[in-house]
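The values are calculated or read from the model by the stated rules, or taken from the named source; none is laboratory data. Note that the coordinates shown come from a computational prediction; the quantities given were computed from them, not determined experimentally. All Cβ positions, even for glycine, are placed from backbone atoms using ideal geometry, and neighbour counts span all protein chains on display. Surface accessibility is based on the protein's heavy atoms, side chains included, excluding ligands, DNA and RNA. Shrake-Rupley method; radii C 1.70, N 1.55, O 1.52, S 1.80 Å.
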Amino acid sequence: MNNVEIYRPRANLIFAGIGIVLCGLFIWSSFYQSGAKSEATSTLVALFVLVSIYIFVIRPKVTFSDEGVVITNPLEEITIGWADVTAMDTRWALSLETKEFTVSAWAATASGRHRRNIHHSEIKGLDVDLGGSMRVGDSPHSDSGATAYRARVRLKRFESAVNQKSLTTSRHRQLLPLILALTALVAAILVNLVGH
């Protein structure tokens, strides 16, 4: 993949940092006040929460390249070559459609609330008429709009390039983090039950 750019909302990293700090404080308080069983249970619960934060907050991203896009969702990684993209939408999230499937990016959701008015200087080059309206999902201030703009630019470049290779479109499930999270949760429950 050439000319790679990764998009992940900054807010996700801030929320993940807050969650990690809270988990650290949770573990510290259990070691400060409790016995071995409670410490083990607290550590396993914190591990479950940390893996869940990774799966649902840190992991989702959209990786753009000259040859295509890789959408990383919590339990799936979808590679789409630009040659296979048939449609793009931003109604609820950035959605790319191919002949085989349609996929939405968890890292590029549309805002659920109305934003302030958009000034015409903010939409230069976005192919929006000056008198026309814009969906909230297409706004450059939303995650879906920011990623859609990047995708449209890359797709246009791909279509105008000569002999540009495209990525092979594929989908892969990533269940290992989920299995780790569930194992930590089940272990926490078992440790807690055995101690009684």
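Please count how many residues of region 1-32 are open to solvent by less than 80 Å² (accessible area, probe 1.4 Å), out of contact with any Lys or Arg (no Cβ under 6 Å at 6 or more places or on another chain) and closer than 23 Å to Arg150 by Cα.
Of region 1-32, the ones open to solvent by less than 80 Å² (accessible area, probe 1.4 Å) are 4-5, 7-9, 11-12, 16-17, 19, 23-24, 27, 29-30.
Restricting the remaining residues to those that are out of contact with any Lys or Arg (no Cβ under 6 Å at 6 or more places or on another chain) gives 4-5, 7, 9, 11-12, 16-17, 19, 23-24, 27, 29-30.
So of that shortlist, the ones also closer than 23 Å to Arg150 by Cα come out as 4-5, 7, 9, 11-12.
The number of residues fulfilling the criteria is 6.
Would you pick out the residues in region 161-179 that are in a helix (DSSP H, G or I) and either open to solvent by 90 Å² or more (accessible area, probe 1.4 Å) or closer than 20 Å to Phe101 by Cβ (or both)?
If the condition is that a residue be in a helix (DSSP H, G or I) and either open to solvent by 90 Å² or more (accessible area, probe 1.4 Å) or closer than 20 Å to Phe101 by Cβ (or both), then Leu176, Ile179 are the ones that fit.
Is there a residue in region 50-57 that is hydroxyl-bearing (Ser, Thr, Tyr) and under 11 Å from the mean Cα position of the chain (by Cα)?
So the first thing to find is which residues in region 50-57 are hydroxyl-bearing (Ser, Thr, Tyr), and the list is 52, 54.
Now restrict to residues that are under 11 Å from the mean Cα position of the chain (by Cα): 54.
Checking region 50-57: at least one residue is hydroxyl-bearing (Ser, Thr, Tyr) and under 11 Å from the mean Cα position of the chain (by Cα).
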Does region 38-58 contain any residue that is out of contact with any Cys (no Cβ under 9 Å at 6 or more places or on another chain) and either loosely packed, with under 15 Cβ neighbours inside 10 Å or not in a helix (DSSP H, G or I) (or both)? no
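Only one of these is in contact (Cβ under 8 Å) with a residue 24 or more places away in the chain and either β-branched (Val, Ile, Thr) or farther than 17 Å from Leu180 by Cα (or both): Glu67, Glu39. Name it.
It is Glu67.
Matching residues to (1) modelled with pLDDT of 65 or more; (2) more than 24 Å from Asn2 (Cα to Cα); (3) not in a loop (DSSP other than H, G, I, E, B):
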{"position": "Ala105", "(1), (2), (3)": "yes, no, yes"}
{"position": "Gly112", "(1), (2), (3)": "no, yes, no"}
{"position": "Glu122", "(1), (2), (3)": "no, yes, yes"}
{"position": "Val128", "(1), (2), (3)": "no, yes, no"}
{"position": "Gly137", "(1), (2), (3)": "no, yes, yes"}
{"position": "Ala146", "(1), (2), (3)": "yes, no, yes"}
{"position": "Ala188", "(1), (2), (3)": "yes, yes, yes"}
